[in-house]
Every structure is written in C-alpha cells, then in structure tokens.
1. With the dipole of the chain worked out from charges on the C-beta (+1 for Lys and Arg, -1 for Asp and Glu) around the Cα centre, which of ALA6, HIS44, GLY121 lies farthest toward the positive end?
2. Summing +1 for each Lys or Arg and -1 for each Asp or Glu, what net charge is found among the other residues whose Cβ lies under 13 Å from the Cβ of ASN30?
3. Using only DSSP helix segments of four residues or longer, with each worth -39500 (n - 2.57), what per-residue ellipticity at 222 nm results for the chain after dividing by its residue count and rounding to 500?
4. From Cα pairs below 8 angstrom and at least 6 apart in sequence, can you work out the relative contact order of the chain, rounded to a whole percent?
5. Points 7 angstrom from Cα along the Cβ direction at TYR99 and ARG7: gap in nanometres?
6. Test of the criteria: in region 28-119, which GluC sites (Glu not before Pro) are in a DSSP loop and have at most 10 other Cβ atoms within 10 angstrom of their Cβ?
7. Of (i) 48, 33, 24; (ii) 58, 29, 22; (iii) 45, 30, 27, which one was derived for Cα extents along the principal axes in Å from the structure shown?
8. What net charge is computed for the residues neighbouring LEU59, neighbours being all others with C-beta under 15 Å from the C-beta of LEU59, Lys and Arg scored +1, Asp and Glu -1?
Amino acid sequence: MFFEAARLEEIATGGMKAVEAGGKEIVLCNYDGKIFALNRRCGHTNAPLDMGTLEGYILTCPMHNVQFDITTGEALSIPVPLDPGNEKLPERTLKHFQYIAMLMTHIRVCDIRSYPVKIDGGAIKVDVEEDSCCV
C-alpha cells in the first residue's frame, strides 16, 4: 500500500527530507531527479540519516560516517572513528577515543531498508508494507 509522503517540489536534486509514511520513519533522497526512500535510521547507531550528507547516490551517516547506497540500502563501509588530528587531548579522553575505535571494529553495520517509490501527480508515494521492502 502506497502512502503519500511528500511533494516532489519539496526535495531539491541532491537533497533529503525526513518524513513519516505508514507509521515508519523514512528519509527521501533526490538523486538526479529520481526519488529513493529508505529507513531513516542508520544501520549502525540508529542516527537520523537525514542529518547526514548525500553525495550522488551515497548517503553518509552524521554520527560515524557509515555510508549507504540509496538505490539499494546496502551498507558500503564500516564506522570511521573520530580523528582528533593534531589536537592535544587529555590522556583520559585519548584513551576513551582509542577504546571506542577498537569497539567500532567489532560492531556490525546492517543494511537499511529501501522502499518502492512512485510519483503520482507530483506526490511522492512510498510503499512501506513489510513484504515490499528490501533488506
């Protein structure tokens, strides 16, 4: 069942919009004028993906830089730990960051669901039925 999620003119090319459709949090992505719909939450830490960046068909999570292919929902990378660069950090903080970086190598990144989209008279409609999603 398709739910109207937004209007086509609400999402510029290269842009994203968080919406709710059929009780699910969705992020709509406009890649070259084509709309893709994905689960709004990252497959790593549940961060809101619409607060990340979209470059071409690659959506990057704002928390740990995990990247997803918006055309499939496939996770393309593992988390990237914070790099403080040349900044001098207190020893305790540095040890904490090193520990988190080690933990992140053991964290699984799940693909995110993608949903079928159709455009009907300028309305973006998303099918969020369980059996119509990709995992």
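Please treat every number below as a calculation from the coordinates, not as lab data. Please read these numbers as outputs of a predicted model, since none were measured by experiment. Here the Cβ is made from the backbone with ideal geometry for all residues, glycine too, and neighbour counts use every protein chain on show.
1. Of the listed residues, the answer is HIS44.
2. Summing Lys/Arg as +1 and Asp/Glu as -1 gives -2.
3. The helix contribution divided over the chain gives -3500 deg cm²/dmol.
4. 27
5. Computed distance between label sites TYR99 and ARG7 equals 5.2 nm.
6. GLU87
7. Recomputing Cα extents along the principal axes in Å here picks out (ii).
8. Neighbour charge sum, excluding LEU59 itself: -2.
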